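Read the figures in this text as sums done on the coordinates, not as results from a lab. Keep in mind that this is a model prediction, so the values were computed, not measured. FYI the Cβ positions are ideal-geometry reconstructions off the backbone, even for glycines, and counts take in every protein chain you see.
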Amino acid sequence: MGTERVDAIVIGTGQGGKPLAGALAEARWRVAIIERDRVGGTCVVRGCTPTKTMAASARVAYLARRAGDYGVRTGPVSVDLQVVRRRKREIVDAWSEGSRKGLERHRTMELIMGTGRFVGPHEVEVELNEGGTRRLRSDHIFVNVGARPRVPDLPGLTDVPYLDSTSVMELGEVPQHLVVLGGGFIGLEFGQMFRRFGADVTIVEQSSRLVPREDEDVAEAIRQIFAEDGIQVLCGAEARCVAAAEGGGVALTVVQDGSEVQVRGSHLLVAAGVVPNSDLLRPEAAGLELGPRGEIVVNHRCETNVEGVWALGDVTGAPPFTHIAYDDFRIIRANLLEGREASRAGRLLPYAVFIDPQLGRVGLGEREARERGYAIRVAKLPMSRVARAIEMDETRGLMKAVVDEASGQILGGAILGVEGGEVVSVLEMAMMGGLPWTRLRDAVIAHPTLSESLNNLFMTLG
């Protein structure tokens, strides 16, 4: 079979590629969308959907153990991880199948199951899952292939069974002792989750503190919360090697404060970040420019250095969050189909980390604001002074906002508290509207809600 010509080729059915393919098809473009695994991308199949489903089970276990604090009598609490896993699988299956059906309803779109690779700037070869190959050509190619867990160059790692952020969700029994290599967002979410399922957990982080991109006071508050949960945290601990332990399990050797320490566990979870999947595309065949981490370099319009080729989402090195990939789709749609001038430049990039309590973040942190030369004021409020949190007996964490002293504009904030991801969205709306901090201080917000605590937060500034 020769080369087939289409109006657009979309590689990947993630949260950027799938809606983009749909928008192009609605505009009556003939679209070929390629997926090598399951429809839905990282978010639906391996990321947000399954992890937050399992985190919900972990929170129920946590609250059940605390039932006595609320005057509720319960018996011993245990977790059936096979039931948790089944619930997770059912939700993922339903969402993936729904996404697939959503694509297949478009008359001018074809879903091709296989692995797409460039054979030229505007030509893609697909190794079909069912066998054989197809070649496609288009003047419009969109790459949304995401990222995968990074495997560190750690001596002995290939000789021991280890888990990553995908395989750890397929465990059928709660580990006796889970060792987590990496104290970033992924390591924290899974570490706390499995602690609540009943495992002993040790988190090993090379940096001097957890989540090193966050402000020091926020990172320290997270460390204290994890300590209260019975999680051992080793910061400033550089992993040197790993080996099978006598009697089963793994033994991770780390160096901390100049001394060699061996951390033993029944299971090892490697949570060392992600790497873009660009290498799977044969980018050199298209002439695509890559960055130092293998990311596809794009401009503010998501355009690559090759005319007629765009990239969106995690593969571009953007923060690996679903809503950011989706915003990339909106930018491309606006520019390509609507004749507008949308851009990545200056956009706010909020995110939520689903530890418990949640960490919601938007804009600049205190350290970053000072590094950029802002004269700032910092508002802080412990969750122990938030009325709704006290009523819920969920007082761990803090609220923090950074304000430009000259203009009064809110530069950013962190909400480490119950439903922090929801509360920080209120802060983001104020920032998008250009409201000064005084407007949130004086706003009439329903009582007693968590968002009302923003009144109190900004009252600390006067």
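Structure above, values below:
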| quantity | calculated |
| --- | --- |
| About the Cα centre, charge dipole magnitude for the chain (Lys/Arg +1, Asp/Glu -1 at Cβ), debye | 940 debye |
| DSSP bridge pairs, region 157-272: antiparallel proportion in percent, nearest 5 | 50 percent |
| Three-way shape label, the chain, alpha-carbon gyration tensor, a/c 1.5 | oblate |
| Qualifying trypsin sites (Lys or Arg not before Pro) in region 364-396, DSSP loop, other Cβ atoms within 10 Å at most 12 | R372 |
| Size of charge dipole - region 351-459 - debye, nearest 20, with Cβ of Lys, Arg +1 and Asp, Glu -1, no other charges | 340 debye |
| Under 16 Å from K52, Cα to Cα: lysines that are on another chain or at least 8 residues apart | K88 |
| Projected label distance in nm at A285 and K380, using a 7 Å step from Cα toward the beta-carbon | 5.4 nm |
| Kyte-Doolittle mean at least -1.0, axial Cα span of 15 Å or more - DSSP H helices of the chain | 48-65, 185-197, 216-228, 322-337, 420-432 |
| Distance-filtered residues of region 72-107 - backbone nitrogen under 15 Å, label point 7 angstrom along K52 Cα→Cβ | 88, 91-92, 95-96 |
| Whichever lysines have a C-alpha closer than 23 Å to that of K380, once near sequence neighbours (fewer than 8 apart) are set aside | K400 |
| Relative contact order, percent, region 157-272 [alpha-carbon distance under 8 Å, six or more residues apart] | 34 percent |
| Rounded if a/c under 1.5, otherwise prolate or oblate - region 157-272, Cα gyration tensor axes | oblate |
| Charge tally in the Cβ shell below 14 Å around E366, where Lys, Arg are +1 and Asp, Glu are -1, E366 excluded | -1 |
| Packing-based exposure ordering (other Cβ within 10 Å, fewest first) of V119, V145 | V119, V145 |
| Residue among V151, C43, A219 farthest towards the positive dipole end of the chain, charges placed on Cβ | C43 |
| Region 276-287 - phi-based ³J(HN,Hα) in whole Hz, Karplus 6.51/-1.76/1.60, Gly and Pro as x | x, 8, 4, 5, 7, 9, 6, x, 5, 5, 8, x |
| Amide H within-cut-off set for G183, under 5 Å, with H built and near neighbours excluded | Q206 |
| Summed side-chain charge close to Q82 - residues other than Q82 whose Cβ falls under 12 Å, Lys, Arg +1, Asp, Glu -1 | +2 |
| Cut-off 10 Å between beta-carbons: net charge of the residues surrounding D139, Lys and Arg +1, Asp and Glu -1 | 0 |
| Coil-residue GluC sites (Glu not before Pro) of region 66-151, DSSP, other Cβ within 10 Å capped at 13 | E130 |
| For the chain, with +1 on Lys and Arg beta carbons and -1 on Asp and Glu, the positive-most of A67, I415, T202 along the dipole | A67 |
| Extended-chain gain in nm, criterion 0.36 nm per residue less alpha-carbon gap, R340 and Q176 | 53.5 nm |
| Length added when fully stretched, L349-D139, from 0.36 nm per residue minus Cα-Cα | 72.5 nm |
| Gain in span if fully extended, R87 to T460, counting 0.36 nm per residue against the direct Cα distance | 129.9 nm |
| The chain - percent relative contact order, Cα under 8 Å, separation 6 or more | 13 percent |
| Distant-in-sequence amide H partners of R209 (H built 1.01 Å from N, under 5 Å) | G236 |
